[in-house]
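Please read the structure below before turning to the comments.
Here, each number is a calculation from the coordinates, and none is a lab measurement. Every value quoted in this text rests on a predicted model; they were computed, and no experiment measured them. All Cβ positions, even for glycine, are placed from backbone atoms using ideal geometry, and neighbour counts span all protein chains on display.
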Amino acid sequence: MYKADYWNEQYGDKRPGWDAGSVSIPIQTYFEQIEDKNMRILVPGAGNAYEVEYLHAAGFRQVFLMEIAEQPIRNFLSRVPSFPREHVLQEDFFQAHGQYDRIVELAFISSFRADERQAYAQKMHELLEPQGKLIGLVFNHRFNLNHPPYGGNEQEYDALFRPFFHFDALPIAHNSIKPRAGREIFLKLKKRLLV
Ligand SMILES: C[S@@+](CC[C@H](N)C(=O)[O-])C[C@H]1O[C@@H](n2cnc3c(N)ncnc32)[C@H](O)[C@@H]1O
């Protein structure tokens, strides 16, 4: 697993390749339908955190940004100085505690190799309230790289998430930004109660 130093280096002068530069429309559209502004929302591996910026501006009061690297957090706070500092969690997702109503995933899973993803799915499950949902946008494309982002495909995500979450299908997002059209899957996964 890559450490904070590696990730910090990716946020140099240029935006990293995975960074869309603005809020993802499918995520925005999903949250526009939600009236409860007090729901607890976690965005792990938030990077430059445009989704956190959007949720904060939209009036959601319990939004938490989690990031292992300092540089994207700095970038975010200089853009959004009004964001509450106590909602910025500079920590490793795998060490995280707490319970959230929604977790927002954006290319975060692409940080991890296939053999690291079981622990990731299990942790997502653990951090959600019983009625909680994992909402996200993940690459529907495997990058042939020996470093992140690794990407993935529908079959892999289905096999990974099925034991932990209820969902019907993993649809291709229909409102991705142009360069990613047809190459992103929209996740809307409901926590499965395990006995
Ligand atoms: C592929 S980037 C995606 C960033 C952002 N979600 C986006 O779509 O632009 C993965 C992000 O996860 C962060 N990250 C990687 N491992 C982490 C961990 N164990 N805990 C918290 N953040 C982590 C990295 O620093 C990086 O910003």
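Please give the peptides 51-57, 153-159 ranked by average Cβ packing (other Cβ atoms within 10 Å per residue), highest first, as a rough proxy for protection.
Descending packing order for the listed peptides: 51-57, 153-159.
Please state the relative contact order of the chain as a whole percent: Cα pairs under 8 Å, 6+ residues apart?
Relative contact order comes out at 19 percent.
5 Å is the cut-off here: which amide hydrogens, built 1.01 Å from N in the peptide plane, fall below it relative to Leu187, excluding neighbours closer than 5 in sequence?
Gly136, Leu137, Val138
Between Ala159 and Met1, with labels modelled 7 Å along Cα→Cβ, what's the label distance in nm to one decimal, could you check?
Inter-label distance under the simple model: 2.2 nm.
Would you mind telling me which residue in Tyr30, Tyr150, Tyr120 has the biggest mean-square fluctuation in a Gaussian network model of the chain, where springs connect alpha carbons within a distance under 10 angstrom?
Largest GNM mean-square fluctuation: Tyr30.
Provide the gained length on full extension for the span Asp168 to Ser22, in nm with one decimal, where the gain is 0.36 nm per separating residue minus the Cα-Cα distance.
Details: separation 146, 0.36 × 146 = 52.56 nm, distance 2.86 nm.
Net length gain for the segment: 49.7 nm.
Which FRET efficiency value, to the nearest 0.05, is calculated for Glu91 and Lys178 with the Förster distance at 45 angstrom and r the Cβ-Cβ distance?
Numbers: r = 34 Å, r/R0 = 0.76.
It comes out at approximately 0.85.
If the viscosity is 1.002 mPa s and the temperature 20 °C, what Stokes-Einstein diffusion coefficient in µm²/s follows for the range 71-164 when Rh is the Kirkwood radius over Cα pairs?
In µm²/s, the coefficient is 144.
Express in nm, to one decimal, how much length is gained between His147 and Glu116 on full extension, taking 0.36 nm for each residue of separation and deducting their alpha carbon distance.
9.8 nm
Kindly give Rg over Rh for the chain, based on alpha-carbon atoms, with the Kirkwood expression for the hydrodynamic radius.
0.92
Viscosity 1.306 mPa s, temperature 10 °C: what is the translational diffusion coefficient of the range 1-96 from Stokes-Einstein with a Kirkwood Rh over Cα pairs, rounded to a whole number of µm²/s?
For the chosen part, D equals 115 µm²/s.
Of the DSSP beta bridges with both residues in the chain, give the percent that are antiparallel, rounding to the nearest 5.
Counting only bridges with both partners in the chain, antiparallel ones make up about 45 percent.
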